[in-house]
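Novice: Below you will find the structure I want to go over with you.
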Amino acid sequence: MAARLPEHGVTPGHPHGDAPSRFPGFDALDQADAWDPVTAGVVLARLGPLPPLRFFTPQQESVARPLLDLILAQHEEPRVPVFEMVDQRLAELTTDGWRYEDLPPDPQAWARSLEAMESDALAEHGHGFAACSPDEQAGMLESLLDLGDGVWHGMHADRVWSLWSRYACTAFYSHPWAWNEIGWPGPAYPRGYKNPGVGTREPFEVPDAGPLESHGVPSRGTDGDR
Amino acid sequence: MRTILRDGSADAVRDRNASAWLIPAGQRRINEKLRAEMRHYDDGDEIDAVIVGCGAGGSTMLQRLARAGWRVAALDAGPFWDPDRDWVSDEAGSHHLYWTEPRVIAGTDPVPLGSNNSGRGVGGSMVHYAGFAPRFHPSDFHTASADGVGHDWPFAYDDLKPYYEAIEGELPVSGEDWPWGDPHRYPHAPHPVSGNGEVFQRGADALGIETRVGPVAITNGRFGHRQHCIYRGFCLQGCKVNAKASPLITHVPDALAHGAEVRPDAMVVSVEVDERTGRATGVRYVRDGVERFQRAAHVIVAGYSIETPRLLLHSTSKRFPDGLCNDFDLVGRYLMVQGAPQTGGRFADEIRMYKAPPPEVSSESFYETDPAKPYRRGFSIQTVSPLPITWSEHFAGQKVWGDDLRRQMRDFVHWACLGALCEFLAQPDNRVTLAGQRDRHGMPVAKFSYSQCDNDRALMKEASSTMEQILLAAGAEHVTTFHRYAHLVGGARMGTDERSGVVDGDCRSFAVPNLLVTDGSVLPTQGAANPALTIMSVAARAADRLVRRPDPRG
Ligand SMILES: Cc1cc2nc3c(=O)[nH]c(=O)nc-3n(C[C@H](O)[C@H](O)[C@H](O)COP(=O)(O)OP(=O)(O)OC[C@H]3O[C@@H](n4cnc5c(N)ncnc54)[C@H](O)[C@@H]3O)c2cc1C
Ligand code: SF4
């Protein structure tokens, strides 16, 4: 079992500072001393410094940063360092291995799709993606999604979306700050759970304080996640 | 709740497979001494059998042959896992459990691979499988005769039944008495049910749909020195507790104790044949960057439904210019995936579906062909409980992003989730071929093409709407369905002759008498059941037949 950890630093219940939380006071890291040491090492490393950027060119970076912020609604600091995490995966080739026949391997597919987004921004708005307003950026993402399985710069639009969103989600929801936001305790070995069942909680789980906003599945279709 | 084996068969299991007793009793998950003292064969030594792949089918074969006194080694491309050191209780941190070497997917309905399909390393894909361990139904063995779809197996359910019973004891499987297919009981009593299972039972009860708890290959109570499940929900990331069965703990320890060798980190690049005799002579493999050749009297391929066809297609010779055993262009064909839509239901209550093994409760009420329906064959429904990364990818797959995505995810504790397994039909053009791209060994990578037929699509639709009705009947405020696929089998199927299959009912290839295939590749149909138990049982049967008749002409 891990030694008692020093008090952790910034662990916002919501990645965006002091915004109200659905699970007030819940902090997955409070349980870190109950995690096995190998798991704790892997998870806590996400809170530490990341390696310097190695994969994206500055021009690709200028598109990828705002694009990932847009996909994950990370509008302000402190941010989960999603861009840096994606750069690390692509530099280290920690990919899922498979690729669609009509797309190159993930690193090249990222490079190509970001460059395509930049060229769309220049063509439509006369300036690069980074200089676009939030509305312009959102509009460009919407038009890509509206293409469905149509072709965009020689690539199936839905496959480009699948590429971006898989990397974005994997990075963001691997981070303890995101777990705090959704009330999920993260690692559970060797502790396990003792109170399964509808409406039951462990002593360290925090009840949902109620919606910050009204619920409802957004109305965009139910296309498969192919 | 009973926590002992119902029929007292633990002793009987120990007599034939002592794996669970060879694991240390304390907090250490592996038997270091057993591994350190493992036998090592020389490459030039003609061993009785070399096995390619130490997963579900390969490990079962290894243990059975070692028990029979064969000198046998299993080579696996991945590591010899140590659950304490190598596995984590974390979703993103488990990426190394999957086969992530390059592969290309194609067809009109390409199937994403990686984390959702196959594993690497000793234990194979069962290291990170969920743990559902149902049998196939008797009807699965003759769908062509009965329903006019699929392909009849070269043997019947009754031929496999004793092996099902044996493997269910060795895993062991826990569950309620099973009313479907061939009704049977399980060696371990059912596990208690969590919020997700409760929801499934409630909704199904309201609609008059039968459900049962199980069948899961997760110990309920101690089994040998394996410990009880701690209900932590990370089964798909590898069980650090040794509660969930995988061959790493259910078959490999006993194999080692009987003189078998497991050679990890050894990537097999071809099976060699003697041009004169037409017999397999052994395998070429790469370890530590050095290419080697292991001689063997039998070669047994068990590398998973993609890697097995890939290896056979890549093993060319004068006798087999189009790939080993591919005289009739059958290798790689009739590959199947199950349509595996997942339906989530959002409840006012907190469900917290992560607080249990994802596999809990099933229904096989829709498994068989219903003459009133426009499609043949059927589906089963089971609990699944995706962790946050997978859950967020489901929404992203529906093109939910930005604030909407974050809002959906903040509801994570309110969702319950069911998954269906739809029996997609075997089709010749759903297949593995070799792509132009090569991996780091210089070996062409597999290209896997998949296209659905109308029957497949109709089943997916029906299964999705059934799951939606169940969750709504359980009180869900709203439901949503995510489309996905699971469980690849086929690609080197069993047949009655060389024009209908790559191997016969004993898993022996028609073309090369001392070459066997004993993994999921040999399945001619897939039913609506998770395949691992059947893969292991088919391998156990093949081992039995091989030991009794090592030379088919003898
Ligand atoms: C997320 C997930 C959940 C699942 N859930 C379930 C479930 O609940 N129930 C169920 O029954 N099934 C489940 N499955 C499927 C099940 O795990 C597989 O069907 C089964 O393990 C396949 O067995 P196999 O013997 O064909 O191959 P595997 O078990 O995958 O073994 C193949 C082995 O061969 C090795 N190998 C491959 N090529 C080579 C080579 N060239 N040289 C050396 N070694 C090689 C690999 O490293 C691997 O270890 C699940 C799978 C996944 C991915
Ligand atoms: S839930 Fe149980 S079986 Fe699954 S990984 Fe955890 S301890 Fe193992």
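The values are calculated or read from the model by the stated rules, or taken from the named source; none is laboratory data. This one's a predicted model, so the numbers in the text were calculated from it and none came from an experiment. Backbone-built Cβ (ideal geometry, glycine too); neighbour counts: all protein chains shown. Side chains are part of the model used for accessible areas, which takes the heavy atoms of the whole protein and leaves out ligands, DNA and RNA. Shrake-Rupley method; radii C 1.70, N 1.55, O 1.52, S 1.80 Å.
Novice: Residue separation times 0.36 nm, minus the C-alpha to C-alpha distance between A:Ala130 and A:His153: what's the value? Could you put the intermediate results ahead of the total?
Specialist: Details: separation 23, 0.36 × 23 = 8.28 nm, distance 1.95 nm.
Fully extending the segment from A:Ala130 to A:His153 adds 6.3 nm.
Novice: Considering amide H positions built from the backbone, and no H for Pro or chain starts, which residues 5 or more places from B:Gly491, or on another chain, come under 5 Å of its amide H?
Specialist: B:Leu335
Novice: Pairs to check: B:Lys161/B:Lys373; B:Lys33/B:Lys161; B:Lys161/B:Lys244. Give those whose C-alpha atoms are more than 32 Å from each other in this structure. All intermediate terms of the calculation are to be shown ahead of the outcome.
Specialist: Details: B:Lys161/B:Lys373 30 Å; B:Lys33/B:Lys161 36 Å; B:Lys161/B:Lys244 23 Å.
Where the Cα-Cα span goes over 32 Å, the pairs concerned are B:Lys33/B:Lys161.
Novice: If you count, for each residue, the other Cβ atoms within 10 Å and average over each peptide, how do B:411-421, A:114-124 line up from highest to lowest?
Specialist: Working: B:411-421: 26.2, A:114-124: 16.5.
Top of the packing list down: B:411-421, A:114-124.
Novice: Rounded, prolate or oblate: which fits the stretch A:33-130 when a ≥ b ≥ c are the square roots of the eigenvalues of the alpha-carbon gyration tensor, with rounded for a/c under 1.5 and prolate only if a/b beats b/c?
Specialist: Values: a/c = 2.66, a/b = 1.57, b/c = 1.69.
Judged from the Cα gyration tensor, the stretch A:33-130 comes out oblate (a/c at least 1.5, b/c at or above a/b).
Novice: Still on this structure, please answer the following. Roughly speaking, what is the stretch gain from B:Glu46 to B:Asp265, that is 0.36 nm per residue apart minus the C-alpha to C-alpha distance, in nm to one decimal?
Specialist: Working: separation 219, 0.36 × 219 = 78.84 nm, distance 2.07 nm.
My answer for the length gained is 76.8 nm.
Novice: Right, next: At a Cα cut-off below 17 Å, give the aspartates and glutamates reachable from B:Lys240, other chains included and same-chain residues fewer than 8 away excluded.
Specialist: The qualifying aspartates and glutamates are A:Asp36, B:Glu32, B:Asp82, B:Asp84, B:Asp86, B:Asp90, B:Glu91.
Novice: Between B:Asp349 and B:Glu32, take the C-beta separation as r, use R0 = 45 Å, and let me know the FRET efficiency to the nearest 0.05.
Specialist: Numbers: r = 46 Å, r/R0 = 1.02.
Efficiency computed from Cβ-Cβ geometry: 0.45.
Novice: With labels modelled as points extended 7 Å from the Cα through the Cβ direction, what inter-label distance (nm, one decimal) is found for B:Glu477 paired with A:Asn195?
Specialist: According to this spin-label approximation, the distance is 2.2 nm.
Novice: What is the dipole size for the stretch A:51-226, taken about its Cα centre, with +1 at each Lys and Arg Cβ and -1 at each Asp and Glu Cβ, in debye to the nearest 20?
Specialist: Details: 13 positive and 28 negative charges, 151 e Å.
Dipole size: approximately 720 debye.
Novice: How far, in nm, would the chain grow between B:Asp551 and B:Val290 when pulled straight, counting 0.36 nm per residue and subtracting the alpha carbon separation?
Specialist: Values: separation 261, 0.36 × 261 = 93.96 nm, distance 3.25 nm.
Residue separation times 0.36 nm, minus the Cα-Cα distance, leaves 90.7 nm.
Novice: Let me ask you something else. Pop out the Kirkwood hydrodynamic radius of chain B from its pairwise C-alpha distances, inverse of mean 1/r, in Å to one decimal. Please report the intermediate quantities before stating the final value.
Specialist: Numbers: mean 1/r = 0.0428 Å⁻¹.
Its Kirkwood hydrodynamic radius stands at 23.4 Å.
Novice: Would you work out which of B:Gly93, B:Pro134, B:Leu171 lies farthest towards the positive end of the dipole of the stretch B:87-181, given +1 charges on the beta-carbon of Lys and Arg and -1 on that of Asp and Glu, about the Cα centre?
Specialist: So the residue furthest toward the plus end is B:Gly93.
Novice: Starting from the Cα of B:Lys318, draw a straight line to each of the aspartates and glutamates and keep only those under 17 Å, dropping any in the same chain fewer than 8 residues away.
Specialist: B:Glu272, B:Asp274, B:Glu275, B:Asp327, B:Asp329
Novice: Under the Karplus relation 6.51 cos²θ - 1.76 cosθ + 1.60, θ = phi - 60°, what is the ordered set of whole-Hz ³J(HN,Hα) values for the stretch B:478-486, x standing for Gly and Pro?
Specialist: Working through the residues one at a time gives 7, 10, 8, 10, 10, 8, 7, 9, 8 Hz.
Novice: Which shape class, rounded, prolate or oblate, goes with the stretch A:111-191 when its Cα gyration tensor gives a ≥ b ≥ c as root eigenvalues, a/c under 1.5 marks rounded, and past that a/b bigger than b/c marks prolate? Before the final figure, lay out the partial values.
Specialist: On the way: a/c = 3.12, a/b = 2.10, b/c = 1.49.
Prolate.
Novice: Dipole size in debye (nearest 20) for the protein assembly as shown around its Cα centre, Lys and Arg Cβ +1, Asp and Glu Cβ -1?
Specialist: Numbers: 77 positive and 103 negative charges, 453 e Å.
In total the dipole reaches around 2180 debye.
Novice: Once you charge only the Cβ atoms, +1 for Lys and Arg and -1 for Asp and Glu, what is the size of the charge dipole of the stretch B:100-225 about its Cα centre, to the nearest 20 debye?
Specialist: On the way: 8 positive and 16 negative charges, 104 e Å.
In debye, rounded to 20, the stretch B:100-225 gives about 500.
Novice: Further, regarding this structure: Averaged across the residues of A:178-188, what count of C-beta atoms belonging to other chains lies within 10 Å of each residue's C-beta? If you can, show how the numbers build up before the last one.
Specialist: Working: counts 6, 2, 0, 5, 10, 7, 8, 4, 6, 8, 10.
Mean inter-chain Cβ contacts per residue within 10 Å come to 6.
Novice: If you don't mind, another one. With just the Cα atoms defining each centre, how far is the stretch B:225-241 from the stretch A:72-139? Give it in Å.
Specialist: The stretch B:225-241 and the stretch A:72-139 have Cα centres separated by 37 Å.
Novice: Could you sort the peptides B:239-251, B:466-478 by per-residue average Cβ neighbour count (10 Å cutoff), highest mean leading?
Specialist: Numbers: B:239-251: 28.2, B:466-478: 20.5.
Descending packing order for the listed peptides: B:239-251, B:466-478.
Novice: In addition: In whole Hz, with x marking every Gly and Pro, tabulate ³J(HN,Hα) for the stretch B:234-246 from phi via Karplus 6.51 cos²θ - 1.76 cosθ + 1.60, θ = phi - 60°.
Specialist: Once θ is set to phi - 60°, the couplings for the stretch B:234-246 become 9, 4, 6, 10, x, 8, 6, 8, 6, 7, 7, 6, 9 Hz.
Novice: Additional query: Tell me, what does the Kirkwood hydrodynamic radius of the protein assembly as shown come to in angstroms if you use every pair of distinct C-alpha atoms?
Specialist: Details: mean 1/r = 0.0375 Å⁻¹.
Kirkwood radius, the protein assembly as shown: 26.7 Å.
Novice: Taking the mean number of other Cβ atoms within 10 Å as a proxy for protection, how do you rank B:46-58, B:225-237 from highest to lowest? Each step should come with its number before you reach the end.
Specialist: Values: B:46-58: 27.8, B:225-237: 22.5.
Going by the mean number of other Cβ atoms within 10 Å, highest first, we get B:46-58, B:225-237.
Novice: With point charges of +1 on the Cβ of Lys and Arg and -1 on the Cβ of Asp and Glu, referenced to the Cα centre of the protein assembly as shown, which listed residue (B:Tyr157, B:Val50, B:Met443) lies farthest in the positive direction of the dipole?
Specialist: Positive-most Cα among the choices belongs to B:Val50.
Novice: Here is a further query. Please average, across the residues of A:164-171, the number of beta carbons from any other chain that are within 10 Å of each residue's own beta carbon, and give a whole number.
Specialist: On the way: counts 2, 9, 7, 0, 5, 13, 8, 2.
Mean number of neighbouring Cβ atoms from other chains: 6.
Novice: May I pose another question? In whole percent, how big is the carbon plus sulfur part of the accessible area of the protein assembly as shown, probe 1.4 Å, protein atoms only?
Specialist: On the way: 13080 of 26100 Å².
Using a 1.4 Å probe with all protein chains present, the protein assembly as shown comes out at 50 percent carbon and sulfur.
Novice: How much accessible area per residue does chain B have, counting only protein heavy atoms and a probe of 1.4 Å, in square angstrom?
Specialist: Working: 16770 Å² over 554 residues.
Using a 1.4 Å probe on heavy atoms only, each residue of chain B averages 30 Å².
Novice: Over all distinct Cα pairs, what is the inverse of the mean 1/r for the stretch A:51-226, reported as the Kirkwood hydrodynamic radius in Å?
Specialist: Numbers: mean 1/r = 0.0544 Å⁻¹.
So the Kirkwood estimate lands at 18.4 Å.
Novice: Normalising by the residue count of the stretch B:404-546, find the relative contact order in percent from Cα pairs under 8 Å and 6+ residues apart. Don't jump to the answer; show the numbers that get you there.
Specialist: Numbers: 161 pairs, mean separation 26.4, N = 143.
Dividing the mean separation by the residue count of the stretch B:404-546 yields 18 percent.
Novice: Hey, another quick one. Along the charge dipole of the protein assembly as shown, pointing to its positive end and built from +1/-1 on Cβ of Lys, Arg, Asp and Glu, which listed residue (B:Met336, A:Val160, A:Gly126) has its Cα farthest out?
Specialist: In the protein assembly as shown, that residue is B:Met336.
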